[in-house]
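Written below as structure tokens is the structure these notes are about.
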């Protein structure tokens, strides 16, 4: 079983639970972005965008590089990969259970005939 510290995963999934932050992650998956670039698609202030970024940073999903007045945000793909690994364990677990259930239902259907 994949075992990660509960608080660590809580922060990751809390950060990803918000659609604005998920969209920011999508944008950074393509390339590093400045805070201003991340703000473009959203109807909110730079201060609000910065608060969203701080949530992503606390979850270690984003690294911020400060170059003068410009803040460049980079997705931490390792953290995202760890969350994906945790999810994959349960995806495989449930896929296996559903396959077993399907086999049992097919058996029961054949016995009825």
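What the table shows:
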| read-out | value |
| --- | --- |
| So residue 46, is it under 17 Å from residue 30 (Cα atoms) and at pLDDT 85 or above | no |
| Of the criteria (1) surrounded by 16 or more Cβ atoms within 10 Å (Cβ to Cβ); (2) farther than 18 Å from residue 8 by Cβ; (3) out of contact with any strand residue (DSSP E or B) (no Cβ under 6 Å at 6 or more places or on another chain), which one residue 41 fails | (1) |
| Any hit, the stretch 72-89, residues being closer than 14 Å to residue 24 by Cβ, surrounded by 15 or more Cβ atoms within 10 Å (Cβ to Cβ) and without any contact (Cβ under 8 Å) to a residue 40 or more places away in the chain | yes |
| Those residues of the stretch 9-20 which are without any contact (Cβ under 8 Å) to a residue 40 or more places away in the chain and part of a helix (DSSP H, G or I), in sequence order | 10, 19, 20 |
| The listed residue being closer than 19 Å to residue 87 by Cβ and touching a helix residue (DSSP H, G or I) at 6+ places or on another chain (Cβ under 8 Å), out of 39, 59, 17 | 59 |
| Scan of the stretch 58-71 for residues that are surrounded by 16 or more Cβ atoms within 10 Å (Cβ to Cβ) and either farther than 18 Å from residue 39 by Cβ or free of Cβ contacts under 8 Å to residues at least 12 places away in the same chain (or both), ordered by number | 59, 60 |
| Any hit, the stretch 65-73, residues being over 29 Å from residue 11 (Cβ atoms) and either out of contact with any helix residue (DSSP H, G or I) (no Cβ under 7 Å at 6 or more places or on another chain) or modelled with pLDDT under 90 (or both) | yes |
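The values are calculated or read from the model by the stated rules, or taken from the named source; none is laboratory data. Quick caveat: nothing in here was measured; it's all calculated off a predicted structure. Virtual Cβ from ideal backbone geometry, glycine too; neighbours counted across all protein chains shown.
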